[in-house]
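Structure record follows, encoded as structure tokens.
The values are calculated or read from the model by the stated rules, or taken from the named source; none is laboratory data. Treat the numbers as computed from the prediction; the structure is a model and nothing was measured. As a convention, Cβ positions derive from the backbone with ideal geometry for all residues, glycine included, and neighbour counts pool all protein chains shown. All accessible areas refer to the heavy atoms of the entire protein, side chains included, with ligands and DNA or RNA removed. Shrake-Rupley method; radii C 1.70, N 1.55, O 1.52, S 1.80 Å.
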Amino acid sequence: MTYQGVLSKMQTEFGDPIQYYLVFENSFLNMNQLLNKELEINFEGYQCLNCGKKKKIFRQGFCYECFYSSPAVGDWIMKPELSTAHLDIEDRDLAYEKQVQLQPHIVYLALSSEVKVGVTRKSQMPTRWIDQGASQAISIVEVPNRYLAGITEVALKSHYTDKTNWRKMLQNDIVHMDLIAEKLKVESLIPAEVQEFYHLEKNDLYEMHFPVLNYPKKVSSLSLDKTTHYKGKLTGIKGQYLIFEDGTVFNIRSFEGYVVRLEV
């Protein structure tokens, strides 16, 4: 069967294992059902996720103009500590920024390759952790806005990484740690203005199980900019990556806004 559309990050459903869906405008695929089957990926063009124009993708699924104008990709997205909506200060669109920034946020510890610290909106639990390929995650604090989450993350980044080693994550090379015990260690590291939101008794530890038949010993990343046609047997899905039998991995998130044709 043939499916064609614009790539956007796979939608997920928390379960055992995680369920993955690749959604196009007029169709969708439950990717779990494709495990152990041949999948052919063909690059067909671009379509900006913001303006919808067939323009080359610059970053995060946006064309150059949209990336530097849309409030959805302001600097505060990657650096929450730069959030200013709580001060009524606009970056690109104050109404949008208030809608996103002034809602409950979680600062968490997750195990994807080693222990990492991160920030997500409460509404994105556990989706954020699934997208990162984390095997476990636990919240540290729940705060009322993105700024407070951001300064907490900054305070903890000198003790924990804020990046996932994607190769180790895909090889299932994970440092096993007790996240509940790690949570006990961070209380004294949290900024004073966030201390009231630290609740030691809340140990909502999540465990994620991914649909992977075999973890590769070595991985090689597929880039549609360099390889416009690829065919291989799908043997796993983890984070936002498709894992193939030959060790090729394809990060759907990295190629949002790319138009592809899939042959199953």
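Details
- Count of residues meeting criterion [in contact with a Leu (Cβ under 8 Å, 6 or more places away or on another chain) and farther than 13 Å from Tyr258 by Cβ] in region 39-64: 2
- Region 179-192, residues that are exposed (fewer than 13 other Cβ atoms within 10 Å of the Cβ) and at pLDDT below 95: Ala181, Leu184, Lys185, Glu187, Ser188
- Region 21-62 - residue that is in a strand (DSSP E or B) and free of Cβ contacts under 8 Å to residues at least 60 places away in the same chain and, of those, farthest from Gln11 (Cα to Cα): Phe58
- Taking region 148-159 as the range and being crowded, with 19+ Cβ neighbours inside 10 Å, farther than 10 Å from Val194 by Cβ and not acidic (Asp, Glu) as the test, the residues that pass are Gly150, Leu156.
- Contacts under 8 angstrom Cβ, first residue in region 218-234 being closer than 10 Å to Ile41 by Cα and at pLDDT 95 or above, partner assigned to a loop (DSSP other than H, G, I, E, B) and of a type in the set (Asp, Glu), 6 or more apart: Gly232/Glu245; Gly232/Asp246
- Lys79 vs. criteria touching a residue at least 40 places away in the same chain (Cβ under 8 Å) and not hydroxyl-bearing (Ser, Thr, Tyr): yes
- Ala85 being aliphatic (A, V, I, L, M), touching a helix residue (DSSP H, G or I) at 6+ places or on another chain (Cβ under 9 Å) and either free of Cβ contacts under 8 Å to residues at least 40 places away in the same chain or open to solvent by 80 Å² or more (accessible area, probe 1.4 Å) (or both): no
- Selection within region 242-264 - in contact with a helix residue (DSSP H, G or I) (Cβ under 8 Å, 6 or more places away or on another chain), open to solvent by less than 30 Å² (accessible area, probe 1.4 Å) and not aliphatic (A, V, I, L, M): Asn251
- Residues that are part of a loop (DSSP other than H, G, I, E, B) and under 14 Å from Leu7 (Cβ atoms) within region 229-264 comprise Gln240, Glu256, Gly257, listed in sequence order.
- Test for Asp131: is it in contact (Cβ under 8 Å) with a residue 60 or more places away in the chain and within 26 Å of Tyr68 (Cα to Cα): yes
- So Tyr215, is it assigned to a strand (DSSP E or B) and either touching a strand residue (DSSP E or B) at 6+ places or on another chain (Cβ under 9 Å) or open to solvent by 70 Å² or more (accessible area, probe 1.4 Å) (or both): no
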